[in-house]
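Right, one structure below, let's go through it.
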Amino acid sequence: MGTGDMRTAHMGSQHDDTSIEAIFAQHAERTALRQRSGPEVTDMSFGELWDRASALAAALGETVSAGDRIAVLGTATADAVTLDLAAWILGAVSVPLQASAPVGTLQRIVEETTPVWIAATAEQAATARAVAEASGDGIRTMLLDTGTGTGTALTLDALVARGAGLPGASPWHPAPGDDPLALLLYTSGSTGTPKGAMYTRSMVERMWHAMRTYPAMGPDASTPAHDGSDDAADAIVGYAYLPMSHLTNVGADVLGLVITMLPTKGPDAY
């Protein structure tokens, strides 16, 4: 279901529907992600992000069922956010992995979580393949932030292109009374063996909506920007120098903020 369909479906009830898809429809024209790579800046709107995640979900739906785990290894980038949202649409469980963790630690986490996919940025691709091959469970791998022309390696862009030609699936919702797992966050292991914290779907939703209580995040909010404009989406920009496995990085887009993705270890590079 694209954002155009979502806007029609939620017409007249945007302020009552607090589902994730309704929030994305509500903010469809606003900038959601602003990715920096050196001097280059690329913006993506909420509508574009949802459409891209929906296409990815359509392609992944051939191999992913609700409750399956999808692991991500690398830095916080637009592709990683797209995959996280696609997992949500499918009812899959996101498992962010520590990019700095030793291969042995990653293998133990993968053995414990049994993901069906491991996605990795280019610098982590070899590690992801090694971990997937060592598991012996036929885990599929994909590359993030690398475009479609990378030889035999399957990329997120290629999956998005494939999914764009497939029938779109409606976002998955659990049966009434069910509260399945949605997110597994592992500790760094700096004080011992990494331990996984389990977050159910309702817990993640409550976290997102708790963040949205910021007064400028209402559907008709207007906050003066630094340049004198009244566009709240451009006035409020979030910067986070956090690993993929940090809770604050998960689901920040439902805030209605512009989230600037800086795929480095800190602000010094910029």
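What follows draws every value from the coordinates through simple rules; no lab data is involved. Since this is a predicted model, take the numbers as computed values, not measurements. Cβ atoms come from the backbone with ideal geometry, glycine included; neighbour counts cover every protein chain shown.
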* Environment charge at Glu112 (Cβ cut-off 13 Å; Lys +1, Arg +1, Asp -1, Glu -1) -> +1
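Net charge around Ala158, counting only other residues with Cβ within less than 14 Å of its Cβ (Lys, Arg = +1; Asp, Glu = -1)? Show your work: numbers first, answer last.
Values: positive: Arg52, Arg140, Arg162; negative: Glu62, Asp79, Asp145, Asp157.
So the environment of Ala158 carries a net charge of -1.
Calculate the FRET efficiency for Ala126 and Met203 from the Cβ-Cβ distance with a Förster distance of 41 Å, rounded to the nearest 0.05.
Details: r = 34 Å, r/R0 = 0.83.
Approximately 0.75, to the nearest 0.05.
For Asp51, Asp179, which order do you get if you count the other beta carbons within 10 Å of each Cβ and list the fewest first? Each step should come with its number before you reach the end.
On the way: Asp51 22, Asp179 12.
Exposure proxy ranking, most exposed first: Asp179, Asp51.
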* Measure off 7 Å from each Cα along the Cα-to-Cβ vector at His173 and Ser135, then give the distance between these two points in nanometres to one decimal. => 3.1 nm
